[in-house]
1. Which one of ILE158, ILE145 is aliphatic (A, V, I, L, M) and under 25 Å from ALA45 (Cα atoms)?
2. If I ask for residues that are of a type in the set (D, E, K, R) and within 14 Å of ALA79 (Cα to Cα), which ones from segment 126-178 would you list?
3. Pick from segment 62-76 the residues that are at pLDDT below 95 and hydroxyl-bearing (Ser, Thr, Tyr): which of them is farthest from ASP155 (Cα to Cα)?
4. So, in segment 106-142, of the ones that are in contact with a helix residue (DSSP H, G or I) (Cβ under 6 Å, 6 or more places away or on another chain) and of a type outside the set (Gly, Ala, Ser), which residue ends up nearest to VAL55 (Cα to Cα)?
5. Sort out which residues of segment 120-132 are buried (at least 18 other Cβ atoms within 10 Å of the Cβ) and over 19 Å from LYS161 (Cα atoms), and write them in order of number.
6. Where residues in segment 49-74 are more than 10 Å from the chain's Cα centre (by Cα) and assigned to a helix (DSSP H, G or I), which of them is surrounded by the fewest Cβ atoms within 10 Å (Cβ to Cβ)?
7. If I ask for residues that are assigned to a helix (DSSP H, G or I), in contact with an Asp or Glu (Cβ under 9 Å, 6 or more places away or on another chain) and of a type in the set (Lys, Arg), which ones from segment 157-171 would you list?
Amino acid sequence: MSMQKDVRMMRPARALLPLLLLPVLLTGCDGDENGGTAAGLDAAARVWGVEPELVHVTKVSGYTVFQQSVGEYDDEFAAAYRSEKGATKFGLFVGRGTLTAENCPKQPLGEVSDKQVTCEQDGDAWYRKAGDSHEYAVPDDGVVIHLIADADKVDRAILRKAAEAVHRPDDAELAALLPATDGADT
């Protein structure tokens, strides 16, 4: 009976192991060509429950990532960015797929599934609009990065800047996305 209790107490510790090891992994020297260390990115992706290749970030002046929003959403990597004043926000979603001129208008835009989607190619990205929502969608080697917002709250120029700045996170950006580990749980 005490053995069962010991096993149950070990499970939460095992679940926290990747999170606790992340600071050590982030300081590794095996850099990923697309951003942070491969080991750090893999560990963070496991914490969030997503594939490492889905993890992307962006940078737009006046907006910061809302740390509590970072993680898995419907098999995609998701993060919300909010303005420094907190009045406006946009979402970053990265999932597997492709986006072409043929399939662009057929794919729903975020949660808007009952409105017609219009698509306009803008460089390597697609500007899409449906109902009160709009987005920039960036196809990239088997994944599509969506930067979506309410059209009346975040203008197209902000979404375009976010799309142009999308990249794989470096170690500092990756660490900023993760919850702080202050040792209280250990």
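The values are calculated or read from the model by the stated rules, or taken from the named source; none is laboratory data. None of these values were measured; they are calculated from a predicted model. Positions of Cβ are generated from backbone atoms using ideal geometry, with glycine treated the same way; all protein chains shown enter the neighbour counts.
1. Values: ILE158 fails: under 25 Å from ALA45 (Cα atoms).
None of the other options fit; the residue is ILE145.
2. Keep residues of segment 126-178 that are of a type in the set (D, E, K, R), which gives 128-129, 132, 135, 140-141, 150, 152-153, 155-156, 160-161, 164, 168, 170-171, 173.
The answer is ARG168, GLU173.
3. The extreme case among them is TYR73.
4. Going residue by residue through segment 106-142, those that are in contact with a helix residue (DSSP H, G or I) (Cβ under 6 Å, 6 or more places away or on another chain) are 117, 119, 125-126, 136, 138.
Subset that is of a type outside the set (Gly, Ala, Ser): 117, 119, 126, 136, 138.
Working: VAL117: 26, CYS119: 25, TRP126: 20, TYR136: 17, VAL138: 14 Å.
Selected residue: VAL138.
5. Step one: filter segment 120-132 for residues buried (at least 18 other Cβ atoms within 10 Å of the Cβ), giving 125-130.
The answer is ALA130, and nothing else.
6. So in segment 49-74, the residues more than 10 Å from the chain's Cα centre (by Cα) come out as 49, 51-53, 59-64, 66-68, 74.
Within this subset, residues satisfying the condition of being assigned to a helix (DSSP H, G or I) are 52-53.
Numbers: PRO52: 19, GLU53: 17.
Result: GLU53.
7. Filtering segment 157-171 down to residues assigned to a helix (DSSP H, G or I) leaves 157-164, 171.
From the residues that got through so far, the ones that are in contact with an Asp or Glu (Cβ under 9 Å, 6 or more places away or on another chain) too are 159-160, 163.
Residue satisfying the conditions is ARG160 alone.
Here's the yes/no breakdown for (1) acidic (Asp, Glu); (2) surrounded by fewer than 20 Cβ atoms within 10 Å (Cβ to Cβ); (3) within 19 Å of the chain's Cα centre (by Cα):
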site	(1), (2), (3)
SER83	no, yes, yes
GLN107	no, yes, no
GLY110	no, yes, yes
THR118	no, yes, no
HIS134	no, no, yes
